[in-house]
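Engineer: Sharing a structure below in structure tokens format, with a few things to ask.
The values are calculated or read from the model by the stated rules, or taken from the named source; none is laboratory data. All values derive from a computational prediction rather than experimental measurement. FYI the Cβ positions are ideal-geometry reconstructions off the backbone, even for glycines, and counts take in every protein chain you see. Please note that ligands, DNA and RNA were not included when accessible areas were found on the heavy atoms of the full protein model with its side chains. Shrake-Rupley method; radii C 1.70, N 1.55, O 1.52, S 1.80 Å.
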Amino acid sequence: MQSLTIRRPDDWHVHLRDGDMLRVVAPFTARQFARAIVMPNLVPPITTLGAAVDYRERIWDAAGREFTPLLTYYLTDDADAEVIDHGFNDNVWTAAKLYPANATTNSAFGVTDLRNIYPALERMQTIGMVLCIHGEVTDPDVDVFDRESVFIDRILTGLVRDFPNLKIVLEHITTAEAAQFVRDASENVAATITPQHLHLNRNALFHGGLRPHAYCLPVVKREKHRLAVRAAATSGSPKFFLGTDSAPHPRHAKESACGCAGIFNAPYALESYVEVFEEEGALDKLEGFASEHGARFYGLPLNEGTVTLNREANDVPDRLGVGDIDLTPFHAGSELRWTFVD
Ligand code: DOR
Ligand code: ZN
């Protein structure tokens with residue numbers, strides 16, 4: 001096959017940041033995706049209607065009005081069911097995000113004990129609002145490579161039992177346990193999958209030396225987990241859909257004694273996914289994963305229009321950015337087999 005045309009896709013998990021960084025990165029997402037679920041882990045986090053409405057304007061200024069940012073409410077211990085309900089009703093936000101406190105970048109205001117947000121979750125279940133979850137425990141006694149599977153055992157299993165009608169997206173899954181949990185759960189439980197967790201196993205972190213640009217959270221896992229996540233993504237199951245988790249950090253913040261977690265994959269996101277689907281002999285499953293399953297799960301219409309990828313070599317530069325914003329994209333310095341042509 002030399003060319004692949006699919007319905008215009010959406011990104012169900014992205015970090016667009018703010019200020020100069022937003023202006024640099026948002027156009028990359030808007031070029032490939034019609035809509036995106038935008039993470040709220042700004043400083044300060046998005047917890048009010050006013051902050052969300054203002055942020056949406058800044059995103060439109062950066063990305064253009066054809067792009068539809070779907071904002072998220074950042075759940076804290078003080079999460080307010082009335083505010084959540086109001087913002088959902090007014091189409092200010094589409095989902096709420098659960099960060100266990102201190103699990104990842106800008107999650108210090110996250111939830112310390114799930115019981116603190118039970119009233120908010122009750123309301124979300126009633127109104128049909130999606131809960132997006134960063135599924136890792138923060139217990140320092142738990143090995144960093146086990147934090148997702150332990151989260152499933154200690155937290156998620158009980159949550160799904162207590163809120164059987166709550167729509168839950170387990171974000172950026174990285175393990176065989178997560179793929180199986182989602183597969184076996186009710187139709188109210190789904191998962192997003194990033195390009196990096198399809199391409200990389202944990203050897204990539206140490207390939208010839210320490211590789212900060214392969215570091216994200218949840219951290220990439222053993223090969224058997226990568227294979228399980230690839231199988232889930234390419235299975236055709238409506239429970240699995242595209243969420244890049246594109247998470248840009250300035251190069252100096254990645255290449256540091258204490259480097260930030262996050263991989264900037266927005267510029268070549270579809271090219272990255274399509275390689276995986278091709279390798280798995282599942283090009284016919286890409287459209288469902290990228291353009292249908294997520295919208296159906298969120299109860300939103302499918303996009304009009306299409307995008308096309310040509311099977312033409314595509315050189316990814318070492319650096320991208322404008323002015324002071326210096327970024328290293330995922331696949332930097334390598335050649336991808338496909339090119340996005342709009
Ligand atoms: O790698 C990550 N980067 N994982 C997250 O959960 C947050 C993100 C970020 O905001 O940088
Ligand atoms: Zn994320």
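Engineer: Per residue of the range 276-282, in order, report the coupling 6.51 cos²θ - 1.76 cosθ + 1.60 (Karplus, θ = phi - 60°) as ³J(HN,Hα) in whole Hz, putting x for Gly and Pro.
Structural biologist: With the stated coefficients, the range 276-282 comes to 5, 5, 5, 4, 8, x, 10 Hz.
Engineer: Let me ask you something else. Quote to one decimal, in nm, the extra length available between residue 113 and residue 142 on full extension: 0.36 nm per residue of separation minus the C-alpha distance between them.
Structural biologist: 8.7 nm
Engineer: So with the 1.4 Å probe, I'd like the accessible area per residue for the range 11-302, rounded to whole Å².
Structural biologist: Result: 38 Å² per residue.
Engineer: Report the charge-dipole magnitude of the range 189-292 in Debye, nearest 20, computed about the Cα centre from +1 at each Lys and Arg Cβ and -1 at each Asp and Glu Cβ.
Structural biologist: It works out to roughly 600 debye.
Engineer: In whole percent, what relative contact order does the range 27-107 give with Cα contacts below 8 Å and a gap of six or more residues?
Structural biologist: Value for the range 27-107: 36 percent.
Engineer: Further question: If amide H atoms are built 1.01 Å from N in the plane of the peptide, which residues on other chains or at least 5 residues away come under 5 Å of the amide H of residue 246?
Structural biologist: 15, 265
Engineer: In the range 205-291, what trypsin sites (Lys or Arg not before Pro) fall in a loop by DSSP, with at most 16 other Cβ atoms inside 10 Å?
Structural biologist: Here the trypsin sites (Lys or Arg not before Pro) that fit, given the DSSP loop and packing criteria, are 222.
Engineer: Now for a different question. Cut-off 10 angstrom, C-alpha nodes, Gaussian network model of the chain. Which of 256, 149, 186 fluctuates the most?
Structural biologist: Per the Cα network of the chain with a 10 Å cutoff, 256 tops the list.
Engineer: Please compute, for the alpha-carbon atoms of the chain, the extent along each of the three principal axes and give them in descending order in Å.
Structural biologist: Ordered largest first, the chain gives principal extents of 51, 43, 41 Å.
Engineer: Putting +1 on Lys and Arg Cβ atoms and -1 on Asp and Glu Cβ atoms, find which of 110, 209, 129 reaches farthest to the positive end of the dipole of the chain.
Structural biologist: 209
Engineer: Using a Gaussian network model of the chain whose springs link C-alpha atoms within less than 10 Å, name the residue from 243, 135, 208 with the highest mean-square fluctuation.
Structural biologist: 208
Engineer: Same structure, new question: Pick out which of 62, 313, 261 has the largest mean-square fluctuation in a Gaussian network model of the chain, springs linking Cα atoms closer than 10 Å.
Structural biologist: 313
Engineer: Here's something else I'd like to know. In the range 5-159, with Lys and Arg counted as +1 and Asp and Glu as -1 at Cβ, which of these residues, 16, 33, 69, has the Cα nearest the positive end of the dipole, that is, farthest along it?
Structural biologist: It is 33, whose Cα lies furthest towards the positive end.
Engineer: Restricting attention to the range 277-331, which GluC sites (Glu not before Pro) occupy a DSSP loop and are surrounded by at most 11 other Cβ atoms within 10 Å?
Structural biologist: Qualifying residues, ordered by number: 304.
Engineer: Any chance you could tell me what percent of the C-alpha pair distances in the range 2-149 go past 26 Å?
Structural biologist: The proportion of pairs with Cα distances above 26 Å equals 29 percent.
Engineer: Turning to a different aspect of this structure: Quick one: compute the contact order of the range 11-302, relative version, from alpha carbon pairs under 8 angstrom and 6+ residues apart, as a percent.
Structural biologist: Result for the range 11-302 is 16 percent.
Engineer: Further question: Computing the accessible area with a 1.4 Å probe over protein heavy atoms, can you report the carbon and sulfur percentage for the chain?
Structural biologist: Carbon and sulfur together cover 48 percent of it.
Engineer: Continuing with this model, one more query. Could you size up the charge dipole of the range 11-302 around its Cα centre, putting +1 on the beta carbon of Lys and Arg and -1 on that of Asp and Glu, and report it in debye to the nearest 20?
Structural biologist: The dipole of the range 11-302 has a size of about 460 debye.
Engineer: Please list 336, 302 in order of solvent-accessible area, largest first, computed with a 1.4 Å probe with all protein chains present.
Structural biologist: Descending order: 302, 336.
Engineer: Here's another thing I want to ask about it. Taking the Cα of residue 324, stepping 7 Å toward and past its beta carbon, and measuring to each backbone N in the range 10-36: which are under 16 Å?
Structural biologist: Within reach of a label on residue 324, which here means backbone N under 16 Å from a point 7 Å along Cα→Cβ, the range 10-36 contributes 18-25.
Engineer: Taking the Cα centre of the range 238-342 as the origin and placing charges on Cβ (Lys, Arg +1; Asp, Glu -1), which of 256, 336, 303 is farthest toward the positive end of the dipole?
Structural biologist: 256
Engineer: Here is a further query. Determine the calculated [θ] at 222 nm for the chain from helices alone, applying -39500 (n - 2.57) to every DSSP H run no shorter than 4 residues and normalising by the residue count; nearest 500 deg cm²/dmol.
Structural biologist: Helix-only estimate at 222 nm: -8500 deg cm²/dmol.
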